[in-house]
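These notes concern the structure reproduced below.
Read the figures in this text as sums done on the coordinates, not as results from a lab. All values derive from a computational prediction rather than experimental measurement. Note: ideal-geometry Cβ built from the backbone for every residue, glycine included; neighbour counts use all protein chains shown.
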Amino acid sequence: MPSSDPAPSLSLTGGPAPLLNAPTIQVALPLPLPQWFDYAPPPGEPPHAGMIGRRVRVPFGTRELVGVVAAIGGVPDGGTLRAALAWIDPAPLLGGELWGSLQWLARYTHAPLGEVVSTALPAPLRRGDAVPDTHRWGWQLTAAGEEQRARLRAGTRPQRLATLLADGVIDEDVLDTQMDGWRTAARALAKRALVERVALDHQVPAARAGAGPLPNPEQAAAIAAITAAPGFGAYLLDGVTGSGKTEVYLQAIVACLARGRQALVLVPEIGLTPQTLSRFRTRLGIPVHVLHSSLNDNERARVWAAASRGEAQVIVGTRSAVFTPLPNAGLIVVDEEHDGSYKQQDGIRYHARDFALVRAKALDVPVVLGSATPSLESLHNAQAGRYTHLRLKVRAGDARPPRVRVLDVRKRPLRDGLSPEVLQGIADHLQAGHQVLVFKNRRGYAPVLLCHDCGWTAPCQRCDAPMTVHAGGRRLQCHHCGARQAAPLACPDCGSLALQPQGIGTERLEEHLVQAFADYPVIRIDRGTTHRRDALETQLATLGERAGILVGTQILAKGHDLPKLTLVVVVGIDEGLFSADFRASEKLAQQLIQVAGRAGRATDPGEVWLQTHHPGHPLLETLVNGGYHAFAEAELQQREAAGFPPFAHLALLRAEAQQVEHANAMLSAVRGLIPEDAPVERYGPMPAPMPRRAGYQRTQLLLSAPSRRPLHGLLDLITPQIHGLPQARKVRWSLDVDPTDLY
Ligand code: ADP
Ligand code: ZN
Ligand code: ZN
């Protein structure tokens with residue numbers, strides 16, 4: 001990458017004088033600029049290669065920024081060079097494999113290294129805080145404490161604590177389980193210098209690891225394959241829901257720990273349930289470090305530090321956990337590898353699954369991609385021999401696969417989207433004491449508010465999309481920009497009062513089901529009711545094993561086991577059958593199979609009912625008669641014929657501006673940078689599928705090539721130039737390599 005001084009400055013009076021005639025340090029800064037920035041190193045040592053990967057505080061314009069030394073530069077020829085202010089780390093924070101992999105990621109996403117680094121680091125480290133302490137802490141009696149212990153007043157908290165400590169130091173976590181209010185007591189005793197807090201060795205005594213079930217032959221084969229060789233290998237663990245994939249991960253992790261190595265497990269946000277964690281903890285018998293969105297920044301930084309010191313042996317986390325340092329790596333697992341949440345949709349648009357593969361290769365460890373509905377990319381890679389394909393075809397234990405029934409609802413009277421057969425089926429399952437899941441991938445009351453007299457529909461003022469009806473018709477909300485307003489009482493176009501919610505959302509289903517099944521609990525779960533991660537668990541826990549109904553969106557496709565669930569009703573999937581997005585069929589098929597997998601996990605047989613107006617649609621026919629793999633096979637053939645991924649590689653440039661001309665001008669200029677003979681197809685500039693969102697006009701330019709090399713060659717060439725385009729200053733733009741959503 002080119003390096004230049006962005007903010008040529010007069011040397012400031014005061015401050016330490018920069019070293020003259022010495023090489024510079026080139027610093028990657030968290031800025032949307034492609035270059036590294038030259039500074040004289042902070043006073044002290046002259047630059048040397050051991051500084052690479054260290055964080056440093058530098059002046060930038062009138063601000064102060066934290067950057068990472070990316071390289072040592074040459075001796076500047078004249079001019080004034082600003083001096084970096086201070087080192088943050090005594091030794092490189094980033095080094096080894098992680099540093100190399102982050103540089104790879106910057107090249108692959110064509111993003112500034114400084115921004116990639118700042119995406120990868122927990123916020124406190126990004127801001128320049130010291131790497132936090134990861135000691136465990138304990139309390140012990142001082143010599144004075146030993147002496148005076150017997151004189152403390154009997155029955156008081158301080159006396160009880162002192163008695164506990166009489167046998168020696170106790171870990172704070174252990175004290176939590178042994179005595180309420182010990183902290184107050186400890187403080188009181190510490191004030192009199194009778195006890196003291198001490199850092200403990202990080203070694204936690206190994207608890208007893210729980211025994212798992214005996215693997216069935218398919219599981220045994222998978223475990224054997226994954227653990228056969230410690231070096232790099234990619235494994236696609238392709239197994240229906242309940243086939244025992246998690247069991248395979250656990251056994252592979254046990255083998256990894258037995259070799260004294262670290263294991264990293266990535267899970268989708270909604271897959272990281274307390275249930276899953278306690279399964280990991282009890283089975284492995286060691287602390288499992290968790291990284292997910294509801295941790296605060298300091299907790300994240302602690303886990304990062306513990307991993308970087310090799311203390312954290314098992315790390316389970318969502319997308320960004322893929323950046324965890326693994327100095328002693330032994331295994332990486334990506335559960336539900338097809339899940340869309342692995343792709344970051346703003347900032348640095350990385351794909352955690354793909355980056356996990358890159359890291360596994362660099363670390364020379366096995367990587368396991370698990371799913372009941374593998375992505376077409378991964379299936380394609382398995383077919384091409386790049387991944388070892390491990391199949392688990394039967395459900396573990398005694399559970400049987402659910403029976404699938406397609407309900408043709410053409411000409412059937414629907415009441416709030418539900419057919420009489422479905423209502424009867426729900427009643428039957430409830431009477432048998434079971435649970436029912438009603439799935440509709442649309443939250444809110446109804447997707448549209450329609451004027452029955454003139455056809456007006458309530459639009460969002462800032463987006464090219466209708467507003468969703470909420471609160472039984474009283475409120476309108478835009479699901480794209482978040483705008484909210486009260487629903488109008490009369491049609492703004494014709495004045496009619498005949499405004500009707502049109503279509504079905506989860507709230508409307510809930511309303512109907514509450515009335516129809518008044519004797520049973522009805523629990524709605526969607527992003528409207530589940531702001532916090534544990535809210536889902538709490539809601540599911542309130543249902544327990546009682547007969548009742550869950551109604552919700554795909555949030556319900558995962559998490560918490562529901563052994564009493566025997567009927568899954570899928571209401572109205574027809575919108576998904578006719579989407580313009582070439583990935584829509586894949587997403588729909590995955591959703592259907594995942595939510596269907598909820599039925600009958602235990603001994604009661606499960607049923608899945610699909611309501612549709614298109615019972616003959618090829619996607620449904622293939623999926624129902626042939627299963628996911630038949631669908632995937634057919635879909636891969638279509639993708640190949642159409643030249644879509646995974647048979648093509650895409651990059652999407654997006655531009656947004658208040659005025660569409662600015663966005664178009666920017667992307668036209670980008671198109672102008674592409675050499676005539678570049679072997680890359682270009683589509684656009686053209687309006688994005690949603691041309692206006694949150695008040696911004698959105699334009700895109702799609703680049704496609706049959707292989708990665710020419711596409712990346714072109715991006716290498718033009719990305720630095722894009723940063724310099726005058727048109728780029730008037731827009732917000734982004735480059736998305738391997739986009740998953742062309743919205
Ligand atoms: P998946 O991750 O594929 O959905 P799990 O590993 O969660 O499957 O297994 C589903 C259920 O079957 C769990 O309750 C698990 O304890 C049980 N199970 C897994 N493997 C076996 C086995 N070999 N024998 C008996 N029960 C098993
Ligand atoms: Zn009207
Ligand atoms: Zn909007």
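Label separation (Leu407 vs Ala143): 8.0 nm, computed from points 7 Å beyond Cα along the C-beta direction. A convex hull fitted around the alpha carbon atoms of the stretch 20-67 yields 92 Å³ per residue.
Each of His338, His479 was scored by other Cβ atoms within 10 Å of its Cβ. Arranged with the fewest first, they read His479, His338. Cys residues of the chain that find no other Cys beta carbon under 4.7 Å: Cys256, Cys481. Suppose we look only past 21 Å in the calculated P(r) of the stretch 10-127. What percent of the Cα-Cα pairs does that tail hold? Percent of Cα pairs beyond 21 Å in the stretch 10-127: 33. Sum up the charges of everything whose Cβ sits under 15 Å from the Cβ of Arg57, counting Lys and Arg as +1 and Asp and Glu as -1, but leave Arg57 out. With Lys, Arg at +1 and Asp, Glu at -1, the neighbours total +3. Approximating the spin labels as points 7 Å out from Cα along Cα→Cβ, the Leu577-to-Leu497 distance works out to 3.9 nm.
The phi-based Karplus calculation (6.51 cos²θ - 1.76 cosθ + 1.60; θ = phi - 60°) puts the 3J(HN,Hα) values of the stretch 130-137 at 5, 5, x, 5, 10, 4, 8, 10 Hz, whole numbers, x for Gly and Pro.
Would you work out if the stretch 111-250 is rounded, prolate or oblate? Take a ≥ b ≥ c from the square roots of the eigenvalues of the alpha-carbon gyration tensor; rounded if a/c is under 1.5, else prolate when a/b is larger than b/c, oblate otherwise.
Details: a/c = 3.65, a/b = 1.80, b/c = 2.02.
It comes out oblate by the Cα gyration axes.
So what is the orientation-averaged projected area of the chain, using the convex hull of its C-alpha atoms, in nm²?
Average projection, Cα convex hull of the chain: 40.2 nm².
Taking the Cα centre of the chain as origin and assigning +1 to Lys and Arg Cβ atoms and -1 to Asp and Glu Cβ atoms, the resulting dipole is close to 1180 debye. Using DSSP, restrict attention to beta bridges with both residues in the chain and report what percent are antiparallel, rounded to the nearest 5. Around 55 percent of the beta bridges assigned by DSSP in the chain are antiparallel ones.
How would you classify the stretch 649-737 from its alpha-carbon gyration tensor, with a ≥ b ≥ c the square roots of the eigenvalues: rounded for a/c under 1.5, else prolate if a/b is greater than b/c, otherwise oblate? Prolate, since a/c reaches 1.5 and a/b exceeds b/c. If the cut-off is a Cα-Cα distance under 16 Å, which lysines reach Lys587, setting aside same-chain residues fewer than 8 apart in sequence? Hits, sequence-local ones excluded: Lys343, Lys440, Lys558. Here Ala220 and Arg729 are evaluated by their C-beta separation; at R0 = 60 Å the FRET efficiency comes out at 0.50. Annotation: amide H-H contacts under 5 Å for Val290 (H modelled 1.01 Å from N, sequence separation of 5 or more, or interchain): Val316.
Between amide H atoms placed 1.01 Å from N, distances below 5 Å from Ala71 occur with Gln26, all of them 5 or more places distant or on a separate chain.
Computed extension length for Gln638-Trp104: 189.0 nm, one decimal, from 0.36 nm per residue of separation with the Cα-Cα distance subtracted. Rounded to the nearest angstrom and listed largest first, the equivalent-ellipsoid semi-axes of the stretch 136-200 from its Cα gyration tensor are 16, 13, 10. Close amide H partners of Arg405, meaning residues 5 or more places away or on another chain with modelled amide H under 5 Å apart, are Val608, Trp609, Leu610. Taking θ as phi - 60° and the Karplus parameters 6.51, -1.76 and 1.60, the scalar couplings of the stretch 704-715 work out to 9, 9, x, 9, 5, 4, x, 5, 6, x, 5, 5 Hz in sequence order, x denoting glycine and proline. With r as the distance between the Cβ atoms of Thr184 and Ala483 and R0 = 51 Å, compute the FRET efficiency 1/(1 + (r/R0)^6) and round to 0.05. Given R0 = 51 Å and the Cβ-Cβ separation, E is 0.55.
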